[in-house]
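Enquirer: Have a look at this one.
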Amino acid sequence: MTGNDDLTSDDGVRGTDAASGGGDQAGAKAPASVTKAPAPAAAAPVPAAPDGPLVELTDVSKFYGTIRALEGVSLQVHAGQISCVLGDNGAGKSTLIKIISGLHQHDGGSLRIAGAETTLASPREALDRGIATVYQDLAVVPLMPVWRNFFLGSEPTKGKGPFRRLDTSFMRATTHAQLRRMGIDLRDVDQPIGTLSGGERQCVAIARAVYFGARVLVLDEPTAALGVKQSGVVLKYVAAARDAGLGVVLITHNPHHAYLVGDRFVLLKRGTMAGSHTRDEITLDELTRQMAGGSELDDLRHELERAPAPAGLGAGSRSAGRDAGPKKA
Ligand SMILES: Nc1ncnc2c1ncn2[C@@H]1O[C@H](COP(=O)(O)OP(=O)(O)OP(=O)(O)O)[C@@H](O)[C@H]1O
Ligand SMILES: [Mg+2]
């Protein structure tokens, strides 16, 4: 992976949607003739924090009216590491990332970015501070080419005054180069993004966040809708983002996916912490067991254990009958 040089930059992430951002860094890489998109009112981006966590949640709680979505949840995101958040449906995973990505604000506890306590007022502020979130629906325009989606909301232009126009050749070439750099070999960046597989689209979104200078990448269930092979490909790029020095938050239901790449694991259960481990503290088996509810899984196994079939109704007797076929006299 060769992206480290870019990511040590203090550029914030820019963009129009929460899928990821764009802007400053595009300008930085653009030839002199390229005018960069106007930068939004800048908040301080997440600075390089070699020691402490890039993002740290401590004892965070969140209530929706009287519904407790989160209580006492803590999570650390370190540069060059993948922090996995695991939990069943309704456990509070999305609520947790909405707090990190500025969509919702926490009610209790603290959110620190590069050591400074803060509350993110909006997804824009999170992006400006280097926190890019890739949502499951990815917020792409399916009929637009890959390169158009890559620069969506941060399109570089060239020329001045009435001659100002989109710098399409720069966008095409950059998209191609950046995808190649992440090891993504697309046949054609001109194809509509809607024609890519779900896994490829996830990979483009990850490459985009890396290119635009995200320091923290939050991925909400990037492998949820994917088959085994595509999941593997996406996890490869998640690891590539980590190797580029980003701090990654990976939300998943799947302990196998988490354990393949994760450095830290936080387990949520009905809004509370059911466990928090570094990789050397837990095995895949134990993680899977905790994820499945430990003793609840044992109870379920007992319940599902096959009771002996009543005589004459067992699968064995049925198939024996079928195999034998009707007996003709
Ligand atoms: N906007 C909201 N208003 C009210 N309750 C909400 C809201 N968002 C989430 N909740 C509730 O908070 C709890 C946690 O939801 P959340 O979406 O964070 O779970 P999750 O772990 O992401 O689940 P899933 O795996 O199904 O996506 C749930 O009980 C949910 O019903
Ligand atoms: Mg969710």
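The values are calculated or read from the model by the stated rules, or taken from the named source; none is laboratory data. Because the structure is predicted, anything quoted here is derived from the model rather than measured. So basically every Cβ, Gly included, is an ideal-geometry build from the backbone, and we count neighbours across all protein chains shown.
Enquirer: As an exercise: evaluate S110 against (1) among the hydroxyl-bearing types (S, T, Y); (2) touching a strand residue (DSSP E or B) at 6+ places or on another chain (Cβ under 8 Å); (3) part of a loop (DSSP other than H, G, I, E, B) and give the number of the one condition it does not meet.
Expert: (3)
Enquirer: Which one of the conditions (1) part of a loop (DSSP other than H, G, I, E, B); (2) within 14 Å of ligand 1 (Cβ to nearest atom); (3) modelled with pLDDT under 90 does T133 fail to meet, given that it meets all the rest?
Expert: (1)
Enquirer: Against the conditions (1) closer than 22 Å to L54 by Cβ; (2) within 16 Å of ligand 2 (Cβ to nearest atom); (3) in contact with a Ser or Thr (Cβ under 7 Å, 6 or more places away or on another chain), where does N254 fall short? Just the number, please.
Expert: (1)
Enquirer: Taking segment 237-251 only, how many residues are more than 16 Å from ligand 2 (Cβ to nearest atom) and of a type in the set (V, I, T)?
Expert: Matching residues across segment 237-251 total 2.
Enquirer: Name the pairs: first residue in segment 72-90 and acidic (D, E), second residue within 14 Å of ligand 2 (Cβ to nearest atom) and assigned to a loop (DSSP other than H, G, I, E, B), Cβ to Cβ under 8 Å, at least 6 apart or on different chains?
Expert: Sorted first by the residue in segment 72-90, then by its partner, the pairs are D88/H253.
Enquirer: Of the residues in segment 79-99, how many are more than 9 Å from ligand 1 (Cβ to nearest atom) and not in a strand (DSSP E or B)?
Expert: Total meeting the criteria: 4.
Enquirer: What is the one condition in (1) closer than 22 Å to R215 by Cβ; (2) among the β-branched types (V, I, T); (3) away from ligand 2 (no atom under 16 Å from the Cβ) that V146 does not satisfy?
Expert: (1)
Enquirer: Under 6 Å by Cβ, and 6 or more places apart or on different chains, what pairs join a residue from segment 94-108 that is in contact (Cβ under 8 Å) with a residue 24 or more places away in the chain with one that is charged (D, E, K, R) and within 13 Å of ligand 2 (Cβ to nearest atom)?
Expert: I97/D220; H104/K98
Enquirer: All but one of (1) in contact (Cβ under 8 Å) with a residue 12 or more places away in the chain; (2) farther than 23 Å from V55 by Cα; (3) among the aliphatic types (A, V, I, L, M); (4) not in a loop (DSSP other than H, G, I, E, B) hold for A207; state the number of the condition that does not hold.
Expert: Failing condition for A207: (2).
Enquirer: Can I ask one more? For residues in segment 65-87 being under 13 Å from R242 (Cα atoms) and away from ligand 2 (no atom under 16 Å from the Cβ), which is surrounded by the fewest Cβ atoms within 10 Å (Cβ to Cβ)?
Expert: In this case the residue turns out to be G80.
Enquirer: Moving on. From K93, K98, K62, grab the single residue that is over 24 Å from A239 (Cα atoms), of a type outside the set (A, V, I, L, M) and within 15 Å of ligand 2 (Cβ to nearest atom).
Expert: Answer to the check: K62.
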